[in-house]
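*Asks:* Have a look at this one before I ask anything.
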Amino acid sequence: MYLTDTLADLADDRARGVVALPDEILDAFPGAEADLLARRWTPPVRDLIGRRTDEGSSSNRPAP
């Protein structure tokens with residue numbers, strides 16, 4: 001749920017000049033924070049969103 005809220009709120013956060021993601025996540029994708037704030041879809045943004053989406057998907061899967 002947190003991941004979904006975070007991704008859905010990116011546009012609202014950006015409008016306030018905020019990227020509400022932990023520093024350790026942003027640090028793993030240099031340039032993504034500035035690109036998100038500037039509404040640029042760049043490789044760092046794509047990779048950050050893709051990684052977060054993958055993490056959210058795998059955490060919702062039932063254990064084998």
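The values are calculated or read from the model by the stated rules, or taken from the named source; none is laboratory data. Here the structure is a predicted model, which is why all the values come from computation and not from measurement. Glycine gets a Cβ as well: all are built from the backbone with ideal geometry, and neighbour counts include every protein chain shown.
*Asks:* Kindly indicate whether any position in region 44-61 is of a type in the set (K, R), over 11 Å from the mean Cα position of the chain (by Cα), in a loop (DSSP other than H, G, I, E, B) and at pLDDT 85 or above.
*Replies:* Within region 44-61, the first condition is being of a type in the set (K, R), and the residues that meet it are 46, 51-52, 61.
Filter once more, so that each one left must be over 11 Å from the mean Cα position of the chain (by Cα): 61.
When the remaining residues are screened for being in a loop (DSSP other than H, G, I, E, B), the result is 61.
Narrowing the set further to residues that are at pLDDT 85 or above leaves none.
Looking for residues that are of a type in the set (K, R), over 11 Å from the mean Cα position of the chain (by Cα), in a loop (DSSP other than H, G, I, E, B) and at pLDDT 85 or above, one finds none in region 44-61, hence no.
*Asks:* What number of residues within region 34-43 satisfy the criterion of being surrounded by 13 or more Cβ atoms within 10 Å (Cβ to Cβ), in a helix (DSSP H, G or I) and over 10 Å from the mean Cα position of the chain (by Cα)? Before you say what the answer is, go through the steps one by one.
*Replies:* Going through region 34-43, the residues surrounded by 13 or more Cβ atoms within 10 Å (Cβ to Cβ) turn out to be 34-37, 42.
With the extra rule that they be in a helix (DSSP H, G or I), the set shrinks to 34-37.
The next check asks that each one be over 10 Å from the mean Cα position of the chain (by Cα); those that pass are 34-35, 37.
Count: 3.
*Asks:* On the given criteria, is L7 part of a helix (DSSP H, G or I), modelled with pLDDT of 80 or more, surrounded by 14 or more Cβ atoms within 10 Å (Cβ to Cβ) and among the hydrophobic types (A, V, I, L, M, F, W, C)? Reasoning before the result, please.
*Replies:* Values: part of a helix (DSSP H, G or I): yes; modelled with pLDDT of 80 or more: no; surrounded by 14 or more Cβ atoms within 10 Å (Cβ to Cβ): yes; among the hydrophobic types (A, V, I, L, M, F, W, C): yes.
No.
*Asks:* Scan region 19-33 and report the pairs whose first residue is surrounded by 12 or more Cβ atoms within 10 Å (Cβ to Cβ) and whose second residue is acidic (D, E), with Cβ atoms within less than 7 Å and a gap of 6+ or a chain change.
*Replies:* Pairs found: V19/D13; V19/E33; A20/D9; A20/D13; L26/E33; F29/D47.
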